[in-house]
Amino acid sequence: MSENRWKNYYTKLCSGAADAAAKIFADFARIREQVFLFRRALHDSTIPEASLQGAAANLAVLISPTCLRVEDGTLWGWEGVGPERGSCEGTCQHVWNYAQALPLLFPDLERTIRESQAKYGIDENGGWHFRLKLPLGIKAKTDWKRPCVDGSFGEIMKIYREWKISGDTVWLNSIWPLVKPAIEFAWSPKNPDRWDPERTGIISGRQHHTLDMELFGASGWL
């Protein structure tokens, strides 16, 4: 088992606080220009004010302690944070399914989530577990809490989204061998929840999902 410690990505970029400050001030003009360019693009748009404020408020999550980057640059997130601690770890699949700003603003960063989830989140039977443990490198096991159907298929849809945004078929081909067993898990006899044992395309088995409860049978919601 790896030691339960890790460093933030910025520790690879800067030797300390003084070094970080020096690098920011050296590049301050460019940073300021980019910040104000984004601000103007957002606030000078014709988007209705209520929608604009909602979008701007939610963007703030990306620079909050909700998100962190580990040493290799991978983004990892909580479901939320309080004054003293994070809440519900692991870039939880079915919670982060709703996040759309990051893949559109920083698609390369979003793809680090897909890559880490595919590399470490799928167990030997193809079950895709919905919380990614730190430090990175802890591989999912079948005796962890059951995979969530909305998390698993949401992750697959997000891989498709990342490919549509980037057009990077080389990337898609590289991640496909890792993801294919998670798709097949829906009808696999090794899936104890038997999501779609007859391969009908309609989920009918036990469905653990984002509301932390179970659904059974065909559901228009999931």
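Throughout, read-outs are computed from the coordinates displayed, never taken from laboratory work. In this text, all values refer to a predicted model and were calculated from it rather than measured experimentally. Here the Cβ is made from the backbone with ideal geometry for all residues, glycine too, and neighbour counts use every protein chain on show.
Structure data summary
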quantity: On Cα atoms only, tilt of 28-43 relative to the major axis of the chain in degrees; calculated: 60 degrees
quantity: For the chain, convex hull of alpha carbons as volume per residue, Å³; calculated: 172 Å³
quantity: Euclidean distance between Cα centres, the range 147-222 to the range 55-108, Å; calculated: 22 Å
quantity: Tilt relative to the chain, helix 149-166 - C-alpha long axis, 0 to 90 degrees, to 10; calculated: 50 degrees
quantity: The range 10-215 - percent relative contact order, Cα under 8 Å, separation 6 or more; calculated: 14 percent
quantity: Lys, Arg +1 and Asp, Glu -1 on Cβ, resulting dipole of the range 37-116 about Cα centre, debye, nearest 20; calculated: 180 debye
quantity: On Cα atoms only, tilt of 49-59 relative to the major axis of the chain in degrees; calculated: 80 degrees
quantity: 13 Å Cα-Cα reach of Lys141 towards aspartates and glutamates, excluding residues that sit fewer than 8 places from it in its own chain; calculated: Asp123, Glu124
quantity: Computed label-point distance, nm, for sites Ile138 and Arg206 using a 7 Å Cα→Cβ extension; calculated: 2.4 nm
quantity: Charge dipole (debye, nearest 20) of the chain; +1 at Cβ of Lys and Arg, -1 at Cβ of Asp and Glu; calculated: 280 debye
quantity: Protection proxy ranking of 69-80, 42-53, 157-168, 124-135 - average other beta-carbon atoms within 10 Å, highest first; calculated: 124-135, 69-80, 157-168, 42-53
quantity: Chain lengthening between Met213 and Arg85 when straightened (0.36 nm per residue, less Cα-Cα); calculated: 43.6 nm
quantity: Highest-MSF residue in the chain out of Cys148, Cys92, Cys14 [GNM, Cα springs under 10 Å]; calculated: Cys14
quantity: Length gained when the stretch Asp168-Tyr9 is fully extended (0.36 nm per residue, less Cα-Cα span); calculated: 54.8 nm
quantity: Helix-only mean residue ellipticity at 222 nm for the chain, each DSSP H run of n ≥ 4 adding -39500 (n - 2.57), per residue, nearest 500; calculated: -13500 deg cm²/dmol
